[in-house]
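Report on the following structure.
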2 protein chains.
Amino acid sequence: MAFHPLRDLTASEIKQAASLIRQLHRDHELVFKAITLEEPQKDLVLDYFRAEKNGTPLPAVPRVVFAAYYFKDTDRFITTHVNLTDNAIERTERMSPKFHGNVDFHEVEAVEELTLKDPTVIAEIAKLKLPDHLCVIAEAWIFGSDGVVDHDRQYQVYMFVGEKSNLDSNHYARPLAFSPVVDTARMRVTRIDYIPTGNTHTAHETKPWEYTKPNEYVPEALNIRKDLKPLRVLQPEGTSYSIDSENVLQWQKWHMRVCFNYREGVHLRDVCYDGRPVFYRVSLSEMTVPYADPRSPYHRKQAFDLGDIGAGLVANNLALGCDCLGSITYLDGLVTSPSGEPLVKKNAICIHEQDNGIGWKHTNYRTERSCVVRNRELVIQQILTVSNYEYILAYIFNQAGEMHYEVRATGILSTAAIDSGDSAPWGTVVHDGVLAQHHQHLLSLRIDPAIGSYETGNRLAYSECYTLPMDDFNPHGNGYISKTTVVDKPGGLDLDASKNRVFMIQNDQIRNAVNHLPISYKIQVPPMQGIMAHKDSFHFKRAEFADHSIYLTKYGHDELFSGGKYTNQSRGGGGIKTWAARHDNVVDNDIVVWVQFGMNHVPRIEDFPVMPVEIMKVGFKPVNFFTKNPSIDVPPSRQEVNQSKMVPPSETSICCNGTDSKL
Amino acid sequence: MAFHPLRDLTASEIKQAASLIRQLHRDHELVFKAITLEEPQKDLVLDYFRAEKNGTPLPAVPRVVFAAYYFKDTDRFITTHVNLTDNAIERTERMSPKFHGNVDFHEVEAVEELTLKDPTVIAEIAKLKLPDHLCVIAEAWIFGSDGVVDHDRQYQVYMFVGEKSNLDSNHYARPLAFSPVVDTARMRVTRIDYIPTGNTHTAHETKPWEYTKPNEYVPEALNIRKDLKPLRVLQPEGTSYSIDSENVLQWQKWHMRVCFNYREGVHLRDVCYDGRPVFYRVSLSEMTVPYADPRSPYHRKQAFDLGDIGAGLVANNLALGCDCLGSITYLDGLVTSPSGEPLVKKNAICIHEQDNGIGWKHTNYRTERSCVVRNRELVIQQILTVSNYEYILAYIFNQAGEMHYEVRATGILSTAAIDSGDSAPWGTVVHDGVLAQHHQHLLSLRIDPAIGSYETGNRLAYSECYTLPMDDFNPHGNGYISKTTVVDKPGGLDLDASKNRVFMIQNDQIRNAVNHLPISYKIQVPPMQGIMAHKDSFHFKRAEFADHSIYLTKYGHDELFSGGKYTNQSRGGGGIKTWAARHDNVVDNDIVVWVQFGMNHVPRIEDFPVMPVEIMKVGFKPVNFFTKNPSIDVPPSRQEVNQSKMVPPSETSICCNGTDSKL
């Protein structure tokens, strides 16, 4: 039986692809970076949808796999497309030396191990004269680009002091000032970089380590508060959603296909409300984290967390009762091991419902009757660990036809050594001898819309509000109007709060039955400071998407990643700026809308040792898509159902605060 | 025994004040608009705090009441200060005709009743030739200002069609095009305004009503969804907070005094974390809702929801299990009836804890050990019904030392009649024959800070980020720095996302023990489009606060309301622009920071008949106030405590969707 064209790759498909590729290179051991579903041709998928809808025979949509791999211990990087339907190689390509495969954590572990065994590194560590209970931790970072040796695939290995007796001691509180560089073709340390520890470019030889206090986050090292009472979520009748064996999810009139791959992690396809299409595909396209420290080797410090690393590869195994409350469904993700075997990322996706306060309310002051409904949400979540940092990423749907994409930034700041008493304007001292450098988190969401239909094109428009002139028509000067402008060419666009500029994806061919306006979804995106790096820098050139809140392009096959398909040590090009430069028609056509947001993270000391979540949200809300509030039919909020408990003030009590004041 | 100076007014104090005032005006019947606690003198309160801290005898702080009232059926508006401690009138003032007392719902009911009994209105209604099952609903609106007859206190009464058989039918879906005006000194209809129903200034005589469909929100009129399963919050060991008999609340190292009055509703005093002061007083100062329709009588349509109406007076009676989940404590509010009696607003305040997802997380990729805590929040909430509209207002605290002020805008759009087929650029057609005019919700928060101490002054500063020039120091162009600027004069200030401008309230005299930076709280405020009305309009002049996201003033006694103390039919002046114009020293002094935010509401049809909550949040977060993440000591999130339930995909199921597609 043929698979649905949008179904995730299965384990047997990964095996089939790996086997065909191994046959292609019988003389070489391969190190796989990716075996993933090639995006199926959109026109064929739409044919498939039509056939499904009409009950006609389903057309065959070829299952094609994209694979990227190295010949082991070489720099030979190869990509191959395998047609699984035909059981045949479609095409294979030896990649130019300017392209590199992504980091993976098997490789990271190997790099860290070899670094600590390298004689030059051992000699350097000896100079620290560490006390017996301490050890050195190596942490391999993506190398970044600076135009010098970008063709050599390398790791920058940052070094820290750890406690031998506690493998989970927070070594980020004790950074060292030397950094080995590892070449991955030869898998060996090629040099040691010395890192400035003041606020100038001057670096020093490694000296005996001066003791600094630990700054731990594991509970056994802390005096934990004792006055927090349990709070549980109970769903006695189970969940309001259903998920079938192909991960097609139905919940409160929404249906969608929950997909997962090594690079994007969770992404959604065929997102519909009450049978009406909203999005063909929604995904996180890229995230870049450029750092502010201008000194070597930090001038190269810039991560592309999807392209360099892979949101699926670093997905956390989510734990029952820790990462969400209530009734939770976990789905596994499937990625590929370096040897080309299917690798299960256990519990990589969690799905649950949550209550988000009141959904709508009105009290008639004449009758004092209140009508109130709660705002039930469905959360599809994954959590990434990118070395020190964590991202909690969630698609959140509600009953009012809205989707939010929520990012919670947490985890540990990336740290550098700084001399006691020094400070630097590109960072914050967060612990004795520790500088946390300023950095940006700049995310790019890819929205492939299908507002109301798969059969018609969409357009991007924005509404703005303008004060009317004070004249005979507006004699008292209170008047203002809204005005909608259609975006008629591809490119980057910015927010403008002073005009209340609101971007909307519209279907001009389908009009609202009541007010005859185009059915639309608006985009509520928080403002960001675009990428700070100089326009002539590699940081800027590589992060092609990071200068505008919105990009608009015409749909193109294999145009999923706004920072380019190969970001590791990239030098720019091949990303969204290329596609936006085409003179495509983007009005009432097959368009893609890219939504950029993020934060310029000037660290606070409160962000250490682990930072409290910083929450960012992008909203997609219907505008004249329905003929009334779609959540008007949500059942009223009632005590009989909710079974809340009234606690009179006199019955509130807490035990004495068991912790000490620390400042 | 003397009251704590910050304790809310008690019922007996209200009675005492009313009694003294009645003695002052033996020959008149009085209609009270307010009897409320006069803000106690701050220097005396700080003396009181010092005595409390040092265990020395507590100084007497006079309890003073402010009262505002009319001689019944006149325009004589009087304000009086009563010293309860001395049981004596302090001062009394016959107010100038330019000042008016607020609306109250006793008066609104009377106005609506007399309107419907007025012969000219009855004659007008007769022209509608309504079917027997329909009736006319009168809705009294604050009159607004236009420079014509602002000295006469009036109501603009909007008229709607309702269903006789359903007192909760949504009459806002059937607006009429005539509007009686009521003079409150004489309590009678003085004229009927005719409202244009096209998109010009032309109004027509009242004609027989043309039938339009209802658009209801009450559940019995709707086909309610059947597939939503219950979700309950269980707190088996009770709450983590305690509230004493004076409404002093303790929760997770926070303590504060929860206060309530007729105008501001819930406000907070003496907000401290772990014994360290953060805010002396936090309150919603004002909210204005100006409308965009330039035509008469809508040119006057502008509400000041606190000054014109009173957030305490219109507080909802919150219902167990409907307005929040879990274990909930309700507090009553106390206001004054028109006759001067204490009036209990039952369950005006609800307090509960909620889970807001993950608080922080880190997974060590070497050991795969995750440390994760949940983000428990404390919510202090009230809900206002301002005629058609609802505001859900909440102070939300968390364990990371953060406070958020959350506003959920919901309720019913204010509507106007529009001819079928017409549209207007100052509104959206949300139902047949119904225009919802664009409007703004512009809120002003008053923050009286005490960052780290009551003994030292505070300053307002902002940090910005700048790209470094590409030069020898920054050869690769990735460098950027943050820079902090102290605001050295009072006035209005704006956001600038392009510079990542972040406002912070700082205590420069108390430095962080680790990095020696001033202890601070930053303000995360979403951007807003400032008030749209023309600078020469009354809308603009009255909404003194509505043009800048931030205002800074030196503390002044009786300077609580940024739009002025008397906003009803005000003409501007007496608000924040006056205070900001003083050449006060605002650096390391007793300052007040005013935070403005809101939305320009261009209605969607989805906002009708009741709009899904639009959520706005202002955050106050510690910056170098602590020496580490203050929530690092929160107990780990554990299944043993949380008792979540795993639901395999195969066990998820929903009943068939019982509702029909409506479009």
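The values are calculated or read from the model by the stated rules, or taken from the named source; none is laboratory data. These figures come from a predicted structure and were not determined experimentally. When we count neighbours, we look across all protein chains shown, and the Cβ atoms used for this are built from the backbone with ideal geometry, even at glycine. Protein only, heavy atoms only, side chains kept; ligands, DNA and RNA dropped before computing areas. Shrake-Rupley method; radii C 1.70, N 1.55, O 1.52, S 1.80 Å.
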Here the residues within the stretch A:261-275 that are open to solvent by less than 20 Å² (accessible area, probe 1.4 Å) and either aromatic (Phe, Trp, Tyr) or closer than 15 Å to residue A:448 by Cβ (or both) are A:264, A:267, A:268, A:269, A:271, A:272, A:273
Filter the stretch A:161-200 for residues that are modelled with pLDDT of 95 or more, polar (S, T, N, Q) and part of a strand (DSSP E or B); the one that is farthest from residue A:300 (Cα to Cα) is A:190
Within the stretch A:469-510, residues being within 11 Å of another protein chain (Cβ to nearest Cβ) and either without any contact (Cβ under 8 Å) to a residue 40 or more places away in the chain or at positive phi (or both) number 22
Condition check: among the hydroxyl-bearing types (Ser, Thr, Tyr) and surrounded by fewer than 21 Cβ atoms within 10 Å (Cβ to Cβ). Does residue B:498 satisfy that? yes
Taking the stretch A:9-53 and keeping residues of a type outside the set (Lys, Arg), open to solvent by 40 Å² or more (accessible area, probe 1.4 Å) and part of a loop (DSSP other than H, G, I, E, B) leaves A:27, A:28, A:29, A:41
* To do: Could you tell me whether residue A:507 is modelled with pLDDT of 95 or more and open to solvent by less than 40 Å² (accessible area, probe 1.4 Å)?
  => yes
Subset of the stretch B:573-601, residues surrounded by fewer than 24 Cβ atoms within 10 Å (Cβ to Cβ) and assigned to a loop (DSSP other than H, G, I, E, B), comes to B:573, B:574, B:581, B:582, B:583, B:584, B:585, B:587, B:588, B:590
Checked A:606, A:651 against criteria (buried (at least 21 other Cβ atoms within 10 Å of the Cβ), free of Cβ contacts under 8 Å to residues at least 40 places away in the same chain, in contact with a Gly (Cβ under 8 Å, 6 or more places away or on another chain) and within 13 Å of chain B (Cβ to nearest Cβ)); the one match is A:606
Of (1) among the acidic types (Asp, Glu); (2) over 26 Å from residue A:398 (Cβ atoms); (3) in a loop (DSSP other than H, G, I, E, B), residue A:220 satisfies every one except (3)
Of (1) out of contact with any helix residue (DSSP H, G or I) (no Cβ under 6 Å at 6 or more places or on another chain); (2) of a type in the set (Gly, Ala, Ser); (3) farther than 26 Å from residue B:363 by Cβ, residue A:145 satisfies every one except (1)
Matching residues in the stretch B:441-473 (among the aliphatic types (A, V, I, L, M) and more than 30 Å from residue B:539 (Cβ to Cβ)) number 5
Filter the stretch B:58-101 for residues that are small (Gly, Ala, Ser) and under 29 Å from the mean Cα position of the chain (by Cα); the one that is surrounded by the fewest Cβ atoms within 10 Å (Cβ to Cβ) is B:96
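Every residue, every condition in (1) on the phi < 0 side of the Ramachandran plot; (2) facing chain A (nearest Cβ under 9 Å); (3) of a type outside the set (Val, Ile, Thr); (4) over 17 Å from the mean Cα position of the chain (by Cα), yes or no:
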position	(1), (2), (3), (4)
B:399	yes, yes, yes, yes
B:404	yes, no, yes, no
B:411	no, yes, yes, no
B:416	yes, no, yes, yes
Here the residues within the stretch B:438-466 that are among the polar types (S, T, N, Q) and either out of contact with any Lys or Arg (no Cβ under 9 Å at 6 or more places or on another chain) or more than 10 Å from chain A (Cβ to nearest Cβ) (or both) are B:440, B:444, B:453, B:456, B:458
Filtering the stretch B:363-392 down to residues that are open to solvent by less than 10 Å² (accessible area, probe 1.4 Å), farther than 29 Å from residue A:216 by Cβ and aliphatic (A, V, I, L, M) yields B:379, B:380, B:383, B:384, B:392
The strands (runs of 3 or more DSSP E) lying wholly within the stretch B:264-357 that contain at least 2 residues that are within 10 Å of chain A (Cβ to nearest Cβ) and at pLDDT 95 or above are B:276-290, B:327-336
Checked A:92, A:79, A:115, A:120 against criteria (of a type outside the set (Phe, Trp, Tyr), within 23 Å of residue A:262 (Cα to Cα), out of contact with any Leu (no Cβ under 9 Å at 6 or more places or on another chain) and at pLDDT 95 or above); the one match is A:79
### Task
Inspect the stretch A:620-637 for any residue being part of a loop (DSSP other than H, G, I, E, B), out of contact with any Phe, Trp or Tyr (no Cβ under 8 Å at 6 or more places or on another chain) and more than 7 Å from chain B (Cβ to nearest Cβ) and give the result as yes or no.
no
For the stretch A:150-181, the count of residues that are more than 27 Å from the chain's Cα centre (by Cα), more than 14 Å from chain B (Cβ to nearest Cβ) and of a type in the set (A, V, I, L, M) equals 4
In the stretch A:513-538, residues that are charged (D, E, K, R) and outside any loop (DSSP other than H, G, I, E, B) total 1
Per the filter on the stretch A:222-255, residues over 13 Å from residue A:331 (Cβ atoms), open to solvent by 10 Å² or more (accessible area, probe 1.4 Å) and more than 7 Å from chain B (Cβ to nearest Cβ) are A:226, A:255
- prompt: Could we say that residue A:98 is basic (Lys, Arg) and more than 17 Å from residue A:211 (Cβ to Cβ) here?
  reply: yes
Taking the stretch A:123-147 and keeping residues open to solvent by 10 Å² or more (accessible area, probe 1.4 Å), under 23 Å from residue A:185 (Cβ atoms) and not charged (D, E, K, R) leaves A:141, A:142, A:147
